[in-house]
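Participant: Sharing a structure with you now.
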Amino acid sequence: MLRLRQTGFSYLFLFPSFLLTAVLGLYPIGWAIWYMFFDYKGYGEASFVGLANFERLARDAQYWDSVVNTFVYAGGKLAITIPLSLALAVILNRAFRGRSLLRAVIFLPTIISSAVMAVVFYMLFNSYNGLLNQYLLKLNLIPERIDWLGPDHAMLTTILIAVWGAVGNYMLLFLAGLQNIPQDVYESASIDGANGRQQFWHLTVPMLGPVLQIVIMLAIINSLKGYESIMVLTDGGPIGKTEVMFLYVYKLFFPTPSASFTADQQFGYGSAVGFATAVIVGIVTLLYHLLSRRLNKLQ
Amino acid sequence: MRMKKLGIAATIGMLAFSAAACSGGSGNNGNNGNNGGNGGSGNPPATEAAGNKEPAGGNEAKPQESGKKVKLSYWTGDRHDQDYITEVVKSFNASSADNIEIELVVKTDDFNQAIDLAYASGQAPDLIRVKENTIQAWAKKGYLEPIDGYLSDELKQKFPAIPDFNQIDGKLYSLPNYGSTLRLVYNKDLFAKAGVAAPPKTLDEMVETAKKLTEAGKAEGAYGFAQNFKSTQSALFRSARVIAEANGHGGLGYDFKTARYDWSSYKPIVEAFKKMVDDGSTMPGMESLDIDPLRAQFAEGKIGMYISFSSEPGVYQNQFPAKIDWAAAPVPTTDGQVHGKTSLLGGQWLAISAESKNKEAAWKFMQYMYGDDILKAYQEKGFGLSMVPHIASSAGKPAINGIEGFMPTENDGTWPLEPTSALKLEGIMAPDAFFKYMLSGGDLDAIVDDLNARYNAALDKAIAAGEVKAEPDPAFDPMKLK
């Protein structure tokens with residue numbers, strides 16, 4: 001009887017979270033999984049099409065291009081963000097004047113809306129009257145304007161902006177990790193004659209291991225998912241060079257101005273593409289997880 | 001472990017689909033901030049029509065019994081007339097005997113998307129500005145309320161119903177105000193500086209002129225030609241479209257004679273555009289240029305030529321006062337001869353949302369907006385050239401710089417509706433494919449063949465689904481449009 005009461009209470013307390021998860025999590029997923037097999041424009045009748053949406057997905061070159069772009073974008077962002085934020089964390093973990101101010105300045109981009117950020121960066125980077133080109137020309141560093149948002153450089157520009165927005169956040173997580181490493185380990189290493197570099201590679205990095213693993217996993221998911229600033233900055237252009245997976249999915253659900261002449265929302269196909277995208281992100285995350293667990297065992 | 005994987009997948013899925021799920025909502029809370037008080041919601045328009053047949057501009061309807069304000073929102077994508085419409089709305093709010101208050105919302109860059117999102121999340125406005133490329137889609141999606149029942153016979157006579165452009169499947173959704181013509185807009189100062197006497201008449205001349213203008217202006221950052229390629233559709237469906245029409249072809253790839261798609265009509269145009277890119281005669285950064293930043297650059301004298309609608313004079317009068325002398329001319333054609341009339345677009349302006357809880361109040365505002373004085377002033381102030389016969393015949397000529405070149409001539413006419421907006425196309429769309437060719441080259445014939453195959457397949461599907469009617473008209477004459 002007591003046990004029943006206890007479990008009853010447990011379920012009672014779990015109920016609000018379950019309700020929220022069901023309404024905000026399970027229902028939309030179920031909705032999307034259902035409509036994956038339909039042709040549905042958001043109005044009128046939805047017609048069952050079986051696996052036709054997936055057949056279309058298989059031959060949708062634009063989508064697969066966006067998958068490649070996403071990996072370039074995410075890879076580039078990770079390759080710069082992780083080392084940079086770790087380095088900044090190590091530097092800003094030392095005691096010096098102005099440390100708090102610097103930490104705040106580097107963290108600041110994290111709390112600014114990515115869409116607002118993209119608008120400001122557009123003013124800096126656009127090649128016809130952007131400030132960056134004007135300064136570079138004035139200082140004679142470039143012979144003529146560079147088309148930062150053109151087909152050749154747009155991806156690099158979006159990666160740099162993404163790095164700027166993300167570094168502060170990961171730096172903060174690394175700082176928290178660094179502060180958990182006891183000082184006496186470094187003291188005894190110093191007594192044993194280890195220099196700064198040796199201390200970093202043989203003490204800091206291994207002891208940061210668990211934090212590093214989580215940070216990298218978060219960074220992978222975030223980079224594969226991120227599209228908001230790209231949408232404002234380039235809307236996936238020019239000629240699809242910065243189209244990423246989730247932006248492509250978003251456009252199927254809510255056609256952006258660039259698609260205004262075929263204004264129909266494609267909920268059925270959008271759901272199928274969204275599902276495939278979720279599977280891709282899931283697989284990458286899982287692979288990373290398995291890899292890092294294996295490395296743990298090796299250690 | 002398995003739960004963790006599931007959790008990751010669920011999180012990602014949630015983010016991707018939660019927006020879409022909202023669309024399942026009933027839209028009961030259709031308008032933001034309504035205080036209610038108007039018992040009209042849900043009544044079919046016909047039952048109200050009898051007591052509501054004052055001519056446009058009438059404010060004589062019954063005052064609200066409750067004394068509470070009825071707040072309505074009107075969303076528009078027009079910015080060129082923003083100051084004027086703001087004044088008009090203000091005076092309506094001040095004088096409304098029905099206690100109706102209109103909130104004017106102007107969104108330009110992502111208007112269509114904002115409307116879709118608003119409907120999907122149950123926050124649709126009460127009144128919407130509809131255009132020739134949105135009214136069909138929005139009527140079919142059920143966003144719009146038919147207004148036939150509200151119209152008095154007098155209004156029916158005053159405002160012509162234009163099938164496909166304000167009357168869809170026999171139901172009227174909007175009334176015409178102004179029409180837009182499309183022209184080549186050019187910087188006279190830069191032309192003079194480059195020693196070019198007149199705007200180009202052929203595509204080859206356009207390419208040559210752009211080169212000369214760039215040579216003359218590059219030192220000051222001015223370039224010969226520009227387009228708003230942030231949206232390839234918005235760019236090419238105003239520029240290449242009108243040149244194709246003047247060449248005698250449907251502007252959006254459709255051939256009315258055969259009732260099939262034939263994008264080869266775009267070939268000479270896209271080749272000319274590509275040549276200008278290759279020559280370095282186009283504004284750098286044009287790939288990320290939206291129409292407003294483009295206009296701002298033109299107003300500063302940084303662009304020699306571009307192609308756009310007759311809303312431009314209003315823009316350079318109010319939004320971006322032009323620092324240069326400029327004019328508009330008919331667009332160039334392949335051989336310098338005009339083989340087809342160029343689009344006179346329009347036939348619609350305001351529409352009432354099907355989800356509005358205060359449709360009668362919305363209609364009262366709509367009637368007010370279509371009042372003679374407001375429409376006349378609209379043309380006279382140069383915001384648009386009236387398409388309403390009784391206004392066009394009585395309103396004065398617009399007193400605004402640059403409008404002369406946009407005035408409709410015998411070479412302007414309204415093309416029948418092309419089915420392009422109703423197609424569910426698989427793969428890359430024509431404007432994107434052509435823009436890709438302009439920037440990175442390729443085999444244009446193969447691109448056109450691929451587009452034709454995919455557009456015609458989509459057309460066949462749309463015909464089979466009963467969404468589109470496409471009958472060949474071998475006698476179709478692009479010079480004999482109304």
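Participant: Among the helices (runs of 4 or more DSSP H) confined wholly to the stretch B:357-462, which include 3 or more residues that are among the aliphatic types (A, V, I, L, M)?
Facilitator: B:359-369, B:372-380, B:430-440
Participant: Condition test on A:PHE54, is it within 20 Å of B:LEU425 (Cβ to Cβ), surrounded by 12 or more Cβ atoms within 10 Å (Cβ to Cβ) and touching a Gly at 6+ places or on another chain (Cβ under 6 Å)? Explain how you work it out, then say what you get.
Facilitator: Numbers: within 20 Å of B:LEU425 (Cβ to Cβ): yes; surrounded by 12 or more Cβ atoms within 10 Å (Cβ to Cβ): yes; touching a Gly at 6+ places or on another chain (Cβ under 6 Å): no.
Judged against the criteria, A:PHE54 is not a match.
Participant: Mind checking which residues of the stretch B:259-294 are open to solvent by 30 Å² or more (accessible area, probe 1.4 Å) and within 23 Å of the chain's Cα centre (by Cα)?
Facilitator: Within the stretch B:259-294, B:ASP290, B:PRO293 qualify.
Participant: Criterion first (open to solvent by 20 Å² or more (accessible area, probe 1.4 Å) and either farther than 30 Å from B:TYR261 by Cα or in contact with a helix residue (DSSP H, G or I) (Cβ under 6 Å, 6 or more places away or on another chain) (or both)) does B:ALA392 satisfy it? Please lay out each step first, then the result.
Facilitator: Working: open to solvent by 20 Å² or more (accessible area, probe 1.4 Å): yes; either farther than 30 Å from B:TYR261 by Cα or in contact with a helix residue (DSSP H, G or I) (Cβ under 6 Å, 6 or more places away or on another chain) (or both): yes.
Criteria met by B:ALA392.
Participant: Shifting gears a bit: What single numbered condition from (1) of a type outside the set (S, T, N, Q); (2) open to solvent by 60 Å² or more (accessible area, probe 1.4 Å); (3) closer than 30 Å to A:VAL281 by Cα fails to hold for A:ARG3?
Facilitator: Evaluating A:ARG3 over (1) of a type outside the set (S, T, N, Q); (2) open to solvent by 60 Å² or more (accessible area, probe 1.4 Å); (3) closer than 30 Å to A:VAL281 by Cα leaves (3) as the failure.
Participant: Residue check, A:GLN213 against (1) open to solvent by less than 40 Å² (accessible area, probe 1.4 Å); (2) within 20 Å of the chain's Cα centre (by Cα), all met but one. Which one?
Facilitator: (1)
Participant: Still on this structure, please answer the following. Report, by residue number, each residue of the stretch B:208-228 that is open to solvent by less than 10 Å² (accessible area, probe 1.4 Å) and of a type in the set (A, V, I, L, M).
Facilitator: B:ALA210, B:LEU213, B:ALA222, B:ALA226 - these are the residues of the stretch B:208-228 that are open to solvent by less than 10 Å² (accessible area, probe 1.4 Å) and of a type in the set (A, V, I, L, M).
Participant: Would you check which residues across the stretch A:49-90 are away from chain B (no Cβ under 14 Å), outside any helix (DSSP H, G or I) and at negative phi and list them?
Facilitator: A:LEU51
Participant: Only one of these conditions is not met by A:TYR122: (1) within 12 Å of chain B (Cβ to nearest Cβ); (2) of a type in the set (Phe, Trp, Tyr); (3) surrounded by fewer than 12 Cβ atoms within 10 Å (Cβ to Cβ). Which number is it?
Facilitator: So the condition that A:TYR122 fails would be (3).
Participant: Sticking with this structure for a sec: Give me the pairs: first residue in the stretch A:134-152 and surrounded by 13 or more Cβ atoms within 10 Å (Cβ to Cβ), second residue charged (D, E, K, R), beta-carbon distance under 6 Å, and six or more apart or on different chains, which are they?
Facilitator: Note: pairs meeting the criteria are A:GLY150/B:GLU287; A:PRO151/A:LYS241.
Participant: Is it the case that B:PRO200 is open to solvent by less than 30 Å² (accessible area, probe 1.4 Å) and either at pLDDT below 95 or farther than 30 Å from B:MET369 by Cα (or both)?
Facilitator: Here the answer is yes, as B:PRO200 does meet what is asked.
Participant: Determine whether B:ARG295 is in a helix (DSSP H, G or I), touching a residue at least 24 places away in the same chain (Cβ under 8 Å) and within 11 Å of chain A (Cβ to nearest Cβ).
Facilitator: no
Participant: Taking B:SER310 as the residue in question, decide whether it is open to solvent by less than 20 Å² (accessible area, probe 1.4 Å), modelled with pLDDT under 95 and not hydrophobic (A, V, I, L, M, F, W, C). Explain how you work it out, then say what you get.
Facilitator: Values: open to solvent by less than 20 Å² (accessible area, probe 1.4 Å): yes; modelled with pLDDT under 95: yes; not hydrophobic (A, V, I, L, M, F, W, C): yes.
Here the answer is yes, as B:SER310 does meet what is asked.
Participant: One residue is enough: does the stretch A:91-113 have a residue meeting the conditions polar (S, T, N, Q), outside any loop (DSSP other than H, G, I, E, B) and under 29 Å from A:VAL273 (Cβ atoms)?
Facilitator: So far as the stretch A:91-113 goes, no, none of its residues is polar (S, T, N, Q), outside any loop (DSSP other than H, G, I, E, B) and under 29 Å from A:VAL273 (Cβ atoms).
Participant: Could you tell me how many of the residues in the stretch B:300-311 are in contact with a strand residue (DSSP E or B) (Cβ under 9 Å, 6 or more places away or on another chain) and either within 12 Å of B:ARG79 (Cβ to Cβ) or within 14 Å of chain A (Cβ to nearest Cβ) (or both)?
Facilitator: Counting residues in the stretch B:300-311 that are in contact with a strand residue (DSSP E or B) (Cβ under 9 Å, 6 or more places away or on another chain) and either within 12 Å of B:ARG79 (Cβ to Cβ) or within 14 Å of chain A (Cβ to nearest Cβ) (or both) gives 6.
Participant: When you go through (1) open to solvent by 30 Å² or more (accessible area, probe 1.4 Å); (2) within 25 Å of B:LEU344 (Cα to Cα); (3) part of a helix (DSSP H, G or I); (4) within 12 Å of another protein chain (Cβ to nearest Cβ) one by one for B:ALA235, which number turns out not to apply?
Facilitator: B:ALA235 satisfies every listed condition except (1).
Participant: Being out of contact with any strand residue (DSSP E or B) (no Cβ under 8 Å at 6 or more places or on another chain), in contact (Cβ under 8 Å) with a residue 40 or more places away in the chain and either open to solvent by 40 Å² or more (accessible area, probe 1.4 Å) or of a type in the set (Asp, Glu) (or both) is the filter here, so list the residues in the stretch B:76-107 that pass it.
Facilitator: Residues satisfying the conditions are B:ASP81, B:ASP83.
Participant: Just name the residue that is modelled with the lowest pLDDT out of those in the stretch B:169-197 that are within 27 Å of the chain's Cα centre (by Cα) and among the aromatic types (Phe, Trp, Tyr).
Facilitator: Selected residue: B:TYR178.
Participant: Which of the residues spanning the stretch A:93-119 are open to solvent by less than 30 Å² (accessible area, probe 1.4 Å) and touching a Leu at 6+ places or on another chain (Cβ under 6 Å)?
Facilitator: A:ALA118
The values are calculated or read from the model by the stated rules, or taken from the named source; none is laboratory data. Just so it is clear, the structure is predicted and the values come from calculations on it, not from any experiment. Here the Cβ is made from the backbone with ideal geometry for all residues, glycine too, and neighbour counts use every protein chain on show. In case anyone asks, the SASA skips ligands and DNA or RNA and just uses the protein heavy atoms, side chains included. Shrake-Rupley method; radii C 1.70, N 1.55, O 1.52, S 1.80 Å.
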